[in-house]
Amino acid sequence: MLNVSRLVGTHDVLLVTLDTLRYDVAARLHAGGRTPFLSAVLPDGGWERRHTPGSFTFAAHAAFFAGFLPTPAAPGRHPRPFALRFPGSETTAPETAVFDAPDIVAGFRGRGYHTLCVGGVGFFNKLTPLGGVLPGLFDESYWAPELGVTDPRSTENQVRLLLGRVAEHPPLRRVFAFLNVSAVHQPNRFYLPGAADDTIESHAAALEYADAHLGRLFAGLRTRGPWLVVICSDHGTAYGEDGYTGHRLAHPSVWNVPYAEFVLNHSTDAPTEPVEKRENE
């Protein structure tokens, strides 16, 4: 684990959740060279397999914002990068950033950070009282249909918005940015030409699509300064394994998620637009 306690206050912080991304798919694409932009920033060894604290978006993110990110998939007491102070905690360590706050978003705000949310799936859409709970934690939050699961260009739109909002804040004002990438979530069949249904292969194709635009995100953030980045899935999803489909259920395809934490160092290189193939070109 990085010494997060020492990085909070000196680094901007980015938390990215690749909504519904399965560990096995993320690891397979990394090993096959199919996600070059993510692979370029992942630590040695690629994705770490972890266990999610929740089997669907709201439960997992409620835990994340309480300081309970996915847990290493091995026995033991594993220190956490972020925690909220409470008596009897057995998973805080000197490297843990501990906040006296009800959630880590408020904790970052208390340390002088501006907090920013770019939502994706329905639990961030602010169209209902429930859809406003998670984004309501932040100083500013955004959701629109073009950021959601039904828009095939959602990640492109999300990255453009996030980079634009971050650029509005002076470098001396620290930012805690959160991005919920919606593309991998169902429906994802439109990322696989000719697909009539969502499958594990269209799930993989959606990650390949998102990868190119996340590369532009990382390049753009580097021009601001150093960032502590945590990127993970909130939960996986089943595509017929053992008769199961979807999530909010107890199956390894749901509980095993990819996780990584790393530092993006400062660079003056400008972000580049990924080259995209369009069907009619």
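The values are calculated or read from the model by the stated rules, or taken from the named source; none is laboratory data. Since the model is a prediction, treat every value here as computed from it, not as a measurement. As a convention, Cβ positions derive from the backbone with ideal geometry for all residues, glycine included, and neighbour counts pool all protein chains shown. Each accessible area value is taken on the protein alone, full model and side chains, heavy atoms only, with ligands, DNA and RNA left out. Shrake-Rupley method; radii C 1.70, N 1.55, O 1.52, S 1.80 Å.
Taken over region 147-168, the criterion of being over 14 Å from residue 209 (Cβ atoms) and open to solvent by less than 30 Å² (accessible area, probe 1.4 Å) is satisfied by 147, 148, 162, 166. When only residues in region 24-36 that are open to solvent by 50 Å² or more (accessible area, probe 1.4 Å) and not in a loop (DSSP other than H, G, I, E, B) count, which is nearest to residue 72 (Cα to Cα)? So, considering only residues that are open to solvent by 50 Å² or more (accessible area, probe 1.4 Å) and not in a loop (DSSP other than H, G, I, E, B), the one nearest to residue 72 (Cα to Cα) is 24. The set of residues in region 228-240 being open to solvent by less than 10 Å² (accessible area, probe 1.4 Å) and in a loop (DSSP other than H, G, I, E, B) consists of 233, 234, 235, 236, 237. The residues of region 85-100 that are out of contact with any Leu (no Cβ under 6 Å at 6 or more places or on another chain) and surrounded by 15 or more Cβ atoms within 10 Å (Cβ to Cβ), listed by number, are 92, 93, 95, 96, 97, 98. Among residues of region 37-84 being on the phi > 0 side of the Ramachandran plot and open to solvent by 40 Å² or more (accessible area, probe 1.4 Å), the one that is modelled with the highest pLDDT is 45. Taken together, 243, 194, 225 contain a single residue that is surrounded by fewer than 21 Cβ atoms within 10 Å (Cβ to Cβ), on the phi > 0 side of the Ramachandran plot and touching a residue at least 12 places away in the same chain (Cβ under 8 Å), which is 225.
Each row is one residue, and each column tells you yes or no for (1) of a type in the set (Gly, Ala, Ser); (2) part of a loop (DSSP other than H, G, I, E, B).
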{"residue": "161", "(1), (2)": "no, no"}
{"residue": "164", "(1), (2)": "yes, no"}
{"residue": "171", "(1), (2)": "no, yes"}
{"residue": "180", "(1), (2)": "no, no"}
{"residue": "185", "(1), (2)": "no, yes"}
{"residue": "190", "(1), (2)": "no, no"}
{"residue": "198", "(1), (2)": "no, yes"}
{"residue": "206", "(1), (2)": "yes, no"}
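Restricted to region 122-146, and to residues there that are in contact with a Gly (Cβ under 9 Å, 6 or more places away or on another chain) and in a strand (DSSP E or B), the residue that is least open to solvent (accessible area, probe 1.4 Å) is 141. Flag not set for residue 202, criterion: among the small types (Gly, Ala, Ser), touching a residue at least 40 places away in the same chain (Cβ under 8 Å) and either crowded, with 24+ Cβ neighbours inside 10 Å or closer than 17 Å to residue 18 by Cβ (or both). Being polar (S, T, N, Q), touching a residue at least 24 places away in the same chain (Cβ under 8 Å) and either out of contact with any helix residue (DSSP H, G or I) (no Cβ under 8 Å at 6 or more places or on another chain) or under 21 Å from residue 13 (Cβ atoms) (or both) is the requirement here; does residue 141 meet it? Spelling it out, residue 141 is indeed polar (S, T, N, Q), touching a residue at least 24 places away in the same chain (Cβ under 8 Å) and either out of contact with any helix residue (DSSP H, G or I) (no Cβ under 8 Å at 6 or more places or on another chain) or under 21 Å from residue 13 (Cβ atoms) (or both).
Please verify whether region 109-118 includes one or more residues that are over 28 Å from residue 222 (Cβ atoms) and modelled with pLDDT of 95 or more. No, because not a single residue in region 109-118 is over 28 Å from residue 222 (Cβ atoms) and modelled with pLDDT of 95 or more. Considering region 48-100, the qualifying strands (runs of 3 or more DSSP E), each wholly inside and each with 1 or more residues that are closer than 26 Å to residue 120 by Cα and of a type in the set (D, E, K, R), run over 48-51. Would region 109-121 turn up any residue that is of a type in the set (Ser, Thr, Tyr), open to solvent by less than 40 Å² (accessible area, probe 1.4 Å) and in contact with an Asp or Glu (Cβ under 7 Å, 6 or more places away or on another chain)? Yes, some residue in region 109-121 is of a type in the set (Ser, Thr, Tyr), open to solvent by less than 40 Å² (accessible area, probe 1.4 Å) and in contact with an Asp or Glu (Cβ under 7 Å, 6 or more places away or on another chain). Considering region 6-23 alone, what residues qualify as being surrounded by fewer than 17 Cβ atoms within 10 Å (Cβ to Cβ) and either under 17 Å from residue 72 (Cα atoms) or of a type outside the set (D, E, K, R) (or both)? Hits for region 6-23 are 9, 10. Of all residues in region 259-267, at least one satisfies being over 28 Å from residue 71 (Cα atoms), at pLDDT below 95 and not acidic (Asp, Glu). Look at region 53-64: where a residue is under 10 Å from residue 247 (Cβ atoms) and a partner is crowded, with 20+ Cβ neighbours inside 10 Å and polar (S, T, N, Q), sitting 6+ places away or on another chain with Cβ atoms under 7 Å, you get 60/52.
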